[in-house]
Every structure is written in C-alpha cells, then in structure tokens.
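The values are calculated or read from the model by the stated rules, or taken from the named source; none is laboratory data. Source: prediction; values computed, not measured. Only protein heavy atoms, including side chains, enter the accessible area calculation; ligands, DNA and RNA are left aside. Shrake-Rupley method; radii C 1.70, N 1.55, O 1.52, S 1.80 Å.
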Amino acid sequence: MDGARLWESAAGYGRPLDEVAALFDTVYVSFYKGIGALPGCCVAGPEQIVADVREWRQRMGGMLFGLWPNAASALYCLRMRLPRFAGYLERAREIAAALHDIPGVRVVPDPPQTSLMHLLIDTTAERFEATARSLASERGVWTWQRAMTTIDPRVQRVELTVGDATCALSVADAVDAISSFAAR
C-alpha cells in the first residue's frame, strides 16, 4: 500500500489505522505528508521484505548520516497530529458545506472523504495570484501562491488540506478567504 495519505484516510473510513493497513502485505507511509514532520518514511510488513527494503535503501544511497532529527520529528508529529485527523475531516466537511452557497467555487469530492479536497474556482490564473497576494498583504492570510491550471483557463484548481492552521480559522473566515478568489 502506498500509504502517503493513510493518516487522512483512516479518519474518512472511520476505522483505526491498523485495521486499514491490515488489508495489505506491506505499507509505506510518508512522514512529511499529513502529519507535517521532516522528510522521511517508513515501510512496515513481513520481516524478510523489510530486510530487503533496508538492503536496497543502503544500495541506493539512502543511509544518510545523522537522520535522528527527522525520526524525532516524525515521532513528535505522530503523537501530536494523529489524534486530530477526525477533527480535520470534520472541519473539511464543514468548510465544504459552507462553500455550497458560494458562486464560482466547487468542491471535489463533495463531501470530502479526507481532510484534503480540491477546489475549482472560477477565475483566471492572473486574478488568482493577485488575490493570493492581496489576502497575504492586507489580511495576513496565506493561502496558495498559485493554482493548478485546468483545461479551462477561467477555472483554477487548488488543493485544500485542512490541518492545524485551517482549524485555527473559523469556518466563516476560511470561506471568506476562499470566496474572495471567485469574487467578481
């Protein structure tokens, strides 16, 4: 299993992590995605497969000296953030529901199945970037530097991951910032 978003998906399934992971013979997880730790990863599975991974990691130059800060960061973030993912999902769904009434903003998928969702916003790339700069300089709210293009140049796509910073905002403040991108 490529478990890059395992932390988020367990909350969406309403199942504990070990139950989701038990469906696979091996599980890879990233520590910087979702929990926000320093770069690093982990592979879990049968002893022989993990031994093979360890050998190939060394062969491929993955044995960097002094990675203990990354491990400490992962342990800290696992303890701090794993218990919060159900709350992140709940806030993502609250924001998505509040965005239903905003013209020019669509949520994909709707409702969100994890704390991550995509927003399709009716605006141009230039107007999107100008709005992002304005929100940062005038309101102190950093959103996205730029959007991803779509097949339609009048529609921009962004990925909204709800975590600690988003949860620090009220739903109304988050929706206000997002809706400013689609404002006419």
Viscosity 0.890 mPa s, temperature 25 °C: Stokes-Einstein D of the stretch 15-88 from its Kirkwood Cα radius, in µm² per second? 178
Hey, can you find the accessible area per residue of the chain for me, probe 1.4 Å, expressed in square angstrom? 60
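Largest first, what is the accessible-area ranking of 167, 41 with a 1.4 Å probe? Kindly include the intermediate steps, with their values, before the conclusion.
Numbers: 167 45, 41 75 Å².
From most accessible down to least: 41, 167.
Compactness ratio of the chain: Cα Rg over 2.2 N^0.38 Å, N = residue count? Intermediate values should be presented prior to the final figure.
Values: Rg = 19.1 Å, N = 184, 2.2 N^0.38 = 16.0 Å.
Ratio of Rg to 2.2 N^0.38 Å for the chain: 1.20.
Within the chain, what whole-number % of the accessible surface is contributed by carbon and sulfur, with the 1.4 Å probe and all protein chains included in the calculation? Could you put the intermediate results ahead of the total?
Details: 6450 of 11020 Å².
Carbon with sulfur: 59 percent of the solvent-accessible area.
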What whole-number distance in Å separates the alpha-carbon centres of the stretch 43-115 and the stretch 19-34? 9
What number, rounded to the nearest 500 deg cm²/dmol, is the helix-based mean residue ellipticity at 222 nm of the chain, given -39500 (n - 2.57) per DSSP H run of at least four residues and division by all its residues? -13000 deg cm²/dmol
